[in-house]
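Everything below concerns the one structure shown next.
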Amino acid sequence: MTKEQFVVTAAQMRDIETRIFTAGMPVAALMEKVGGLIFQRLQTIISPDKCVGILAGPGHNGGDALVVARELYFHGYKVWIYQPFSKLKELTSQHFQYIQSLEIPCYQEINELPNCDFLIDGLFGFGLEREITDFIAAAINHFNQRNQPIISIDIPSGLHTDTGEVLGTAIQASYTFCLGLWKQGLLQEQALPYVGKTELIDFHIPLTDIHAVLDNVPQIKRITKITALSTLPLPRPLITHKYKQGHLLLICGSRRYAGGAILTGLGARASGVGMLSIAVPESLKMLLVSHLPEALIIGCPETEKGAIANLPLVGCVSDSVTHLIDLNSFTTIACGPGLTTDNISIIPEIIECECPLILDADALNILAQLGTIPLLKSRKSGTVITPHTGEFKRLFPHIDYTNRVKAVQTAAHESGAVVLLKGARTAISHPQGGVWINPESTPALARGGSGDVLTGLLGGLLAQIPPPELTMEDVVASATWWHSQAGILAAQARTELGVDAFTLTQYLLSVLKG
Ligand SMILES: NC(=O)C1=CN([C@@H]2O[C@H](COP(=O)(O)OP(=O)(O)OC[C@H]3O[C@@H](n4cnc5c(N)ncnc54)[C@H](OP(=O)(O)O)[C@@H]3O)[C@@H](O)[C@H]2O)[C@@H](O)CC1
Ligand SMILES: Nc1ncnc2c1ncn2[C@@H]1O[C@H](COP(=O)(O)OP(=O)(O)O)[C@@H](O)[C@H]1O
Ligand SMILES: [K+]
C-alpha cells in the first residue's frame, strides 16, 4: 500500500506519533521537519514578494505554523503572526519566543491585523476535540470573510478530525496540507466546503508503525488511481471468448423511465463485458435494440403502467415470450434503474439468484418496502447495494447518518451486503467493516441518470471478475473511481454543465487511455 491509501482517525494518528517518539525521534526534530516540508511546498505557491499572515494556535499545530513563519521570514517573505492564546504548549512556546526575538510582528487582536496576500491556518489540528467559542470563533469567522486564500495545516481549524463535523465554526481553506497520513474527517462529505484542494505532505512515517496501529489490512482506505487500475479487468487475455469475459443481465427500465435502461446499458458497454443481456418491458425492446445493438434485449410482460410485470423465467409457460431467462446462466445481475415501484414481486425472485447481484434505485425502494435486512441476509452469494442518501435512509432508517463512514459500515454489517453510499464522497463498505472512500469527484455528476451509468459499469466489471478472483468491494471501488474520473474529464472538456449522463458514458473509456 502507498501512503496515499491510508486513512486515520485522531486517536490512531496519536498512537502512531507516540510510537515514533518512543522509538527516539525527538518531538522538536519532527516539528522542524514537518514545518520545513510545508515551507518548501508553500514556496511553489507563494512568491517571495508576498505578505503572509500566520495564525498560530496553542498546540503543535501552532508550533508547525511558527516554524513555517520563521522559514518564510528568513527567505524574504513579509510575515506577521496572530497568536491570541495566553497558554501555549512547551515547544510551541519556545518557537513563539524565538519569533518574537526576530521582531516579526505579533498580534493578539484581529482588529489590529495588517493586510496580507495569504493566511496560513495553524490554529488547531487533530488535537481539537471541543467546540470553538468566544474570541477564537469570532477570529475564524473574521478570517473566512477576508479575501485572502487560506492554507490550512493538517486540517482546517474547527473540523472534527474523524467526522469532518464543524465544531462551532471552522476555517474555509483554499488548500489543506494534510500531514503524514490522510485524516478521515477530510474525506467526509460534510467537510467538503471547508477543505479546498487537499494534498498529503509525506514526512516519512515508517510503514511498520502504520501497520502496527492500523493492522496489516487497514479498515479504511482511500481509492487511488493505482488501487483502481489494479482491479480493472485489463489487459484482456489473448485466448478468450465472449462467455469467458462475463455475462451480465440488467433488469431495468419502464415505459416511464426508458432512458434509465439505455444509460445502464451504455455504462455496461464501457466495461468491456463479453455478453450483455437486458430485460425490459416488452414495449421498450426496439428502443433498446436501436441504442445497444450488441446486447440481447429480452422483452418482459408489462403492467398497465408499463413496468416489468414478471420475469419470463425458464420453467414458466408463456406463448407471448420469445426468450426465457435462466437466472443461473449469468455471472452477474444488476437490477433497478428506471424500474418503478409499480410491481414489487420481481425483487424476491431476483434475490434468489446465485450469482453476484447489484441492487440500485427502485430495486432499493422495493427492498425497503419488503424488509431490507432479512431479504439480503437470505442471499447465498454476494450482493452490492448502491443507495444515494435518500435511498440509504429508507433502507436503514435506524442508522445514525452523521458519520457517513460509520453509517456505511453499520449498514454493511447488518445487511451482509457491500454497501456503496453515493454522494460527493462515495463510501463503500464490506460486511466485515473494510471501507473504501472515493476522494475525488465532481458535482457535475449530480444529475439524473449518472447513477444508472455507474450501475451498468459496475455490473459489467463484476461480471468479468467474479469473486473470489477479486474481492467484490475492490471491484466496486474501482468502478466508483472510474465513473468519477470520467465525470472529471468530461467537466474539464465541457464545463460542469456539460456532463449529462449520456455524455458521461462517452468519457468512460478516455479515463483508461489517459
Ligand atoms: N502527529 C504527528 O505525527 C505530528 C503532529 N504535528 C502537528 O501537531 C498537531 C497536533 O497537535 P496537538 O496535539 O498539540 O493539538 P492541536 O491540534 O495543535 O490543538 C490542541 C491545542 O488546542 C487547544 N484546544 C483544543 N480545543 C480548543 C478549543 N475549542 N478552544 C481553544 N483551545 C482548544 C488544546 O488546549 P487544551 O485542550 O489543553 O486546553 C491544545 O493546546 C497536528 O495537527 C500537526 O499539526 C506535527 O508537528 C508533527 C507530526
Ligand atoms: N456533489 C457531487 N459530487 C460528486 N459526485 C456526485 C455528487 N452528487 C452526486 N454524485 C454522483 O452522481 C451519481 C448520482 O447517482 P444517483 O443519485 O443514483 O442518480 P440517478 O439515480 O439519477 O442515476 C452517484 O455516483 C454520485 O456519487
Ligand atoms: K489547522
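Each value in this text was obtained by applying a stated rule to the coordinates, not by laboratory testing. These figures come from a predicted structure and were not determined experimentally. Counting neighbours? That spans all protein chains shown, and the Cβs are built from the backbone with ideal geometry, glycine included.
Going 7 Å from the Cα of R256 along its beta-carbon direction, which residues of the range 340-368 have the amide nitrogen within less than 15 Å of the resulting point?
What the label zone holds, given the 15 Å backbone N cut-off, is 340-345, 361-366.
Equivalent-ellipsoid semi-axes (√(5λ), Cα gyration tensor) for the range 96-145, whole Å, largest first?
Taking √(5λ) for each Cα gyration eigenvalue gives 21, 16, 11 Å.
Per residue and in Å³, how big is the convex hull formed by the alpha-carbon atoms of the chain?
Convex hull of Cα atoms, per residue: 158 Å³.
How many angstrom lie between the Cα centre of the range 231-280 and the Cα centre of the range 43-75?
53 Å
To the nearest 20 debye, what is the magnitude of the charge dipole of the range 110-208 about its Cα centre, counting +1 on the Cβ of each Lys and Arg and -1 on the Cβ of each Asp and Glu?
Values: 4 positive and 12 negative charges, 27 e Å.
About 120 debye.
Putting +1 on Lys and Arg Cβ atoms and -1 on Asp and Glu Cβ atoms, find which of L119, A427, Y194 reaches farthest to the positive end of the dipole of the chain.
The listed residue farthest towards the positive side: A427.
Using 1/(1 + (r/R0)^6) with R0 = 41 angstrom and r between the beta carbons of L234 and S47, what's the FRET efficiency to the nearest 0.05?
That pair, L234 with S47, gives E of 0.45.
Among K393, K87, K197, what is the fewest-to-most ranking by other Cβ atoms within 10 Å?
Placing the least packed residue first, the sequence is K87, K197, K393.
Simple spin-label model, 7 Å along Cα-to-Cβ: V217 to R394 in nm?
Once both label points are built, they end up 3.3 nm from each other.
What is the gain in length, in nm to one decimal, between Q97 and E294 on full extension, counting 0.36 nm per residue of separation less the C-alpha to C-alpha distance? Show your work: numbers first, answer last.
Details: separation 197, 0.36 × 197 = 70.92 nm, distance 7.30 nm.
This chain segment gains 63.6 nm when fully extended.
For labels at L324 and L509 in the simple 7 Å Cα→Cβ model, what's the distance in nm?
Spacing of the two 7 Å Cα→Cβ label points: 3.7 nm.
Is it possible to state the helix-based mean residue ellipticity at 222 nm for the chain, with each DSSP H run of 4+ residues giving -39500 (n - 2.57), the sum divided by total residues, to the nearest 500 deg cm²/dmol? What is it?
About -11500 deg cm²/dmol.
Report, as a whole number in µm² per second, the diffusion coefficient that Stokes-Einstein gives for the range 1-125 at 25 °C and 0.890 mPa s using the Kirkwood radius over alpha carbon pairs.
160 µm²/s
In Å³ and rounded to a whole number, note down the convex hull volume per residue for the Cα atoms of the range 1-65. Before the final figure, lay out each step's value.
Numbers: hull volume 8.2 nm³, N = 65.
Here the figure is 126 Å³ per residue.
Looking at the calculated P(r) for the range 121-219, what percent of the C-alpha pair distances fall above 15 Å?
61 percent
Run through the DSSP bridge list for the chain and note the antiparallel percent, rounded to the nearest 5. Working shown, then result.
On the way: 9 of 60 bridges.
Percentage antiparallel, nearest 5: 15.
What value in Å³ per residue do you get for the convex hull of the alpha-carbon atoms in the range 181-221?
Details: hull volume 3.1 nm³, N = 41.
In the range 181-221, the Cα convex hull volume per residue is 75 Å³.
So how far, in whole Å, is the C-alpha centre of the range 445-498 from the one of the range 354-429?
Distance between centres, Cα-based: 18 Å.
Once you have the Cα-Cα distance between Q40 and E90, take 0.36 nm times their residue separation minus that, and quote the gain in nm to one decimal.
15.5 nm
Which of A491, G371, T9 sits closest to the plus end of the dipole of the chain, meaning its Cα is farthest towards the positive end, when Lys and Arg get +1 and Asp and Glu get -1 on the C-beta?
Of the options given, the answer is A491.
About the Cα centre of the chain, how large is the charge dipole given +1 on each Lys and Arg Cβ and -1 on each Asp and Glu Cβ? Please answer in debye to the nearest 20. Please report the intermediate quantities before stating the final value.
Details: 37 positive and 46 negative charges, 140 e Å.
Roughly 680 debye, rounded to the nearest 20.
First obtain the Kirkwood hydrodynamic radius of the range 174-332 from its Cα pairs, then insert it into the Stokes-Einstein equation at 4 °C and 1.567 mPa s, and state the resulting D in µm² per second as a whole number.
D = 65 µm²/s.
Go ahead and collect, in residue order, the members of the range 37-60 whose backbone nitrogen is under 20 Å from a label point 7 Å along the Cα-Cβ direction of H142.
Only 51-59 pass the distance filter.
Tell me, what does the Kirkwood hydrodynamic radius of the range 383-473 come to in angstroms if you use every pair of distinct C-alpha atoms?
Hydrodynamic radius (Kirkwood, Cα only) of the range 383-473 equals 13.6 Å.
By what distance, in whole Å, do the Cα atoms of the range 229-276 stretch along each of the three principal axes, largest value first?
Between the extreme Cα coordinates on each principal axis of the range 229-276 lie 42, 23, 11 Å.
Arrange the following residues from fewest to most other Cβ atoms within 10 Å of their Cβ: D474, D15. Let's see the in-between values first.
Values: D474 22, D15 15.
With the fewest neighbours first, D474, D15 line up as D15, D474.
Taking the Cβ of each residue in M472, M25, M1 as the centre, tally the other Cβ atoms inside 10 Å and list the residues starting with the fewest.
Sorted ascending by nearby Cβ count, the order is M25, M1, M472.
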